[in-house]
1. Regarding the chain, what's the average projected area of the Cα-atom convex hull, expressed in nm²?
2. Write out the GluC sites (Glu not before Pro) in the range 1-73 meeting two conditions: DSSP loop, and at most 16 other Cβ atoms within 10 Å of their Cβ.
3. Looking at Leu19, Thr8, Ala39, which one has the Cα that reaches farthest to the positive end of the dipole of the range 1-57 (charges on Cβ: Lys, Arg +1; Asp, Glu -1)?
4. Which loop trypsin sites (Lys or Arg not before Pro) in the range 5-90, with loop taken from DSSP, have no more than 10 other Cβ atoms within 10 angstrom of their Cβ?
5. Specify the inter-centroid distance of the range 28-49 and the range 1-16, based on alpha-carbon positions, in whole Å.
6. Can you give me the accessible area per residue for the chain, using a 1.4 Å probe, in Å²?
7. Using a cut-off of 21 Å between alpha-carbon atoms, which lysines can reach Lys52, once sequence neighbours fewer than 8 places away in the same chain are excluded?
Amino acid sequence: MPAEGNPTERPHFWVWEGLAAYFETLQVRDGKLLLGNPAHVRIKMCRDEVAKNQHKPWKEFVQGAQAQMSGRYPQAATMLAFFMNAKQGAYREKLTEYLKVVHGGK
C-alpha cells in the first residue's frame with residue numbers, strides 16, 4: 001500500500017503492531033491454520049493489565065506512533081483480536097479500512 005512519509009511516525013500505529021501480534025496467534029489444528037486464539041499469551045497479559053488498571057487508557061493508546069508502543073504490544077494484540085473476531089468478524093471490513101487510512105496518512 002502506498003504511504004506518504006513514514007507511517008511509523010504517525011498516530012494510530014498500534015493497529016499495525018496489533019496485526020503483527022495477531023499473526024503470532026497462528027496455530028495448526030486438524031490440518032487447518034487458525035488465527036485469533038483468545039488464550040494467546042499477549043491477550044492474557046492484556047487482560048491482567050486491565051484487571052490491575054495498568055493498561056494505557058484506550059483513547060490515549062490509539063494516538064501513539066510506533067515509538068510509543070514499547071511495552072504495549074499486548075494491548076495492541078488484544079484490540080486487534082477484538083476487531084477481527086468480535087461478533088463473528090463483523091468489524092473486519094471496517095478494520096481493513098482503518099488500516100488503509102492509518103497507513104496512507106489520511
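1. Seen from a random direction, the Cα hull of the chain projects 7.3 nm² on average.
2. Of the GluC sites (Glu not before Pro), the ones in loops of the range 1-73 whose Cβ has at most 16 other Cβ atoms within 10 Å are Glu4, Glu24.
3. The one lying farthest along the dipole's positive direction is Ala39.
4. Those that pass, being in a loop and sparsely packed, are Lys52.
5. 25 Å
6. Each residue of the chain exposes 65 Å² on average to a 1.4 Å probe.
7. Counting by Cα, and skipping residues close in sequence, Lys52 has these lysines nearby: Lys44.
The values are calculated or read from the model by the stated rules, or taken from the named source; none is laboratory data. Just so we're clear, the structure is a prediction, and the values are computed from it rather than from any experiment. Positions of Cβ are backbone-derived with ideal geometry, glycine not excepted, and every protein chain shown enters the neighbour counts. When the accessible area is computed, the model is the full protein with side chains, heavy atoms only, and any ligands, DNA or RNA have been set aside. Shrake-Rupley method; radii C 1.70, N 1.55, O 1.52, S 1.80 Å.
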